[in-house]
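Worksheet: the structure to be examined is printed underneath.
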Amino acid sequence: MLAVTRDITGRKLAEEAVRLAATAFETSEAIMITDAAGIVQRVNSGYTAITGYASDEIVGMPSEFLCLGANEGRISSPGLLDTLNATDGWKGEVTARRKNGEVYPAWLSIKAVRNDEKILTHYVATFVDISERKRAQQEIEQLAYFDSLTGLPNCRLFLERLNQAVGDNRVNGSRCALLFVDLDRFKHLNDARGHAVGDQLLRKVAERPSDGIGQGDMVARLGGDEFVILLDGLAEEFDSAFRHTMEVAENLWVMLQRPFVLSSGRHYVTASIGTAIYPFNTVSADDLLKAADMAMYQAKAEGRNAVRAYASTMQAAAERRLTLERDMHAALDRGEFRLYLQPQVDGEGRTVGAEALLRWQHPTEGLLLPDKFIGLAEETGLILPIGEWVFEQTCRESVRLSQAGYRLNLSVNVSPRRFQQSDFLERVRRILERTGANPHDLIFEITEGLLVSDIDDAIAKMSALERLGIRFSVDDFGTGYSSLAYLKRLPLSELKIAQTFVKDLPDDPSDVALVRTILSMAYHLNLETIAEGVETRTQLDFLKESGCTRFQGYYFSPPLPSAEFFEKLA
């Protein structure tokens, strides 16, 4: 009885092992067993599902992986058999073919099986179809390296390609070039037609540069409305490389001016294009990109819709600009700004007011006039705290004048950017309260350009400030917007005749006509007039005879530090 029990138990264990082996064999992963010659002995259902071959179609046939060249187009991986014979194992990605002829990528693992005497008896190959994994990987790479809107290479891929091109050119002595393209006033289209139409334009713009570049070149979108073009493999001779680069840039400039048909209708666009050629005085791809960027900004600064090539002077200007911006950030904290006052006189030469003017006592460059830094302050937003400081100092000087027994009007320039702040009125009120200045002694000088963007908002703010007692003067009248309609609507008290028109009086007939027209207009609108830039007795006499009543300029006094201004009054 005991012997019978042991016999049944052994048989049951063997059957269980066979069942478990069969279960493991039938998985979604393809399994194929061959003999030592690579002839298929057995495949599982996973193999059939992946390849399309039934078991009876493949058993007895040479394995597509182990008998290279014997399977009429079935594809494997070179070196597979050499590695397998040397190590009894191999794994890696291969390209295989299904029964229907479709090629697919597979991840294959092969193991050699040897008996107790180390003789090769079988191969066991397992593999899976990795098509979906490869597609997902490609999608990830697409997102990582290509712009989702235009399909162009993105900044990351472009920089990799640029670094490679610069490295190759450094070794072989050839040249490459960059075109930096920025669409002019693209924001206007977005604001007027919406981002969907703006995106349409960007997609269409992205198609055009590809028409004019070589096979080894690259067009990429850096972001927003900025595109770059890499021209690689240019001639070693600089003049030849330069001519080709500028020719491509000019052709692109022309192409972009052709109308774009969008869902909202035909739209025209212009572009500012900067170019730079490697090598110049640089050793890095980043320097080349910055050079092309600087050239593009030069095109912008000169009026947009142009092509400009990088010059070394741009680098010097950019470095100076960066240094100046850095120094300007600290100038307020270090107390480097100074307020100067330039007297304004009446027809008898008596001081009736003054214009507050800003100077910067730079620690290394000396006293800087506003034309050296105000433009940069506007661009960077530093004009906001600087403008606050100027107004507060003007208020304090007004209080000092009043306390010294002088009742003079002080004029102070107001930046459009500061005027357009939503809390501008409240900021003015706080400074008036903090300093105790009398608003009736203050005049805000505004430019005509300030009125263009939102005249209704300008009128509302000016009217509120007028109720406080502050008056308004239009600075450099006649050089900007100069619409007669706004003169009627705005709460103005004064027009300032621009120095540009005073300079050549009374010899220039055009200036004579303009000044007389402004004076006549001001008289009939009941506005005061001040002529700026008066430097000679001849100019003064002509202005007096023409009806101007107040004057400002070096003929009377240059701008003075406040202490000297007070001394002059005494």
**Request:** Report, in degrees rounded to the nearest 10, the 0 to 90 angle that the Cα long axis of helix 238-256 makes with the longest principal axis of the chain.
**Result:** 80 degrees
**Prompt:** How far, in nm, would the chain grow between residue 487 and residue 98 when pulled straight, counting 0.36 nm per residue and subtracting the alpha carbon separation?
**Reply:** 131.8 nm
**Asked** Computed FRET efficiency, Cβ-Cβ of residue 555 and residue 369, R0 30 Å: what is it to the nearest 0.05?
**Response** 0.95
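Label region 483-564 by shape, choosing from rounded, prolate and oblate, from the square roots a ≥ b ≥ c of the eigenvalues of the Cα gyration tensor; if a/c is under 1.5 it is rounded, and otherwise prolate applies when a/b is larger than b/c, oblate when it is not.
Since a/c reaches 1.5 but b/c is at least a/b, the shape of region 483-564 is classed as oblate.
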**Request:** Compute the distance in nm between two label points, each set 7 Å from the Cα along the Cα-to-Cβ direction, one at residue 171 and one at residue 264.
**Result:** 4.9 nm
**Request:** Can you tell me the FRET efficiency between residue 504 and residue 235 if r is taken as the Cβ-Cβ distance and R0 is 45 Å, rounded to the nearest 0.05?
**Result:** 0.30
**Prompt:** Angle, helix 424-435 long axis vs. longest principal axis of the chain, Cα atoms, 0 to 90°, nearest 10?
**Reply:** 50 degrees
**Request:** Return the FRET efficiency for the residue pair residue 537, residue 322: r is the Cβ-Cβ distance, R0 is 45 Å, and the value is rounded to the nearest 0.05.
**Result:** 0.50
**For residue 529, residues with placed amide H under 5 Å, excluding near neighbours** = 495, 549, 550
**Asked** Separation of region 362-387 and region 497-516 by C-alpha centroid, Å?
**Response** 30 Å
**Request:** Return one number: the angle in degrees, 0 to 90 and rounded to the nearest 10, between the long axis of the Cα atoms of helix 509-524 and the longest principal axis of the Cα atoms of the chain.
**Result:** 80 degrees
**(i) 0.97; (ii) 0.99; (iii) 1.27, with the label sought being that of the calculated Rg/Rh (Cα atoms, Kirkwood Rh)** = (iii)
**Complete:** Counting only residues 5 or more apart in sequence or on a different chain, those whose built amide H sits under 5 Å from that of residue 309 are 275
**Request:** Before rounding to the nearest 500, sum -39500 (n - 2.57) across all DSSP H runs of length at least 4 in the chain and divide by the residue total; then give [θ] at 222 nm in deg cm²/dmol.
**Result:** -14000 deg cm²/dmol
**Prompt:** Of 91/134; 372/503; 300/488, which ones are farther than 26 Å apart at the Cα?
**Reply:** 300/488
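Since every read-out is calculated from the coordinates, none of them should be taken as a lab result. The model shown is predicted, which means the values in this text are computed figures rather than measured ones. Note: ideal-geometry Cβ built from the backbone for every residue, glycine included; neighbour counts use all protein chains shown.
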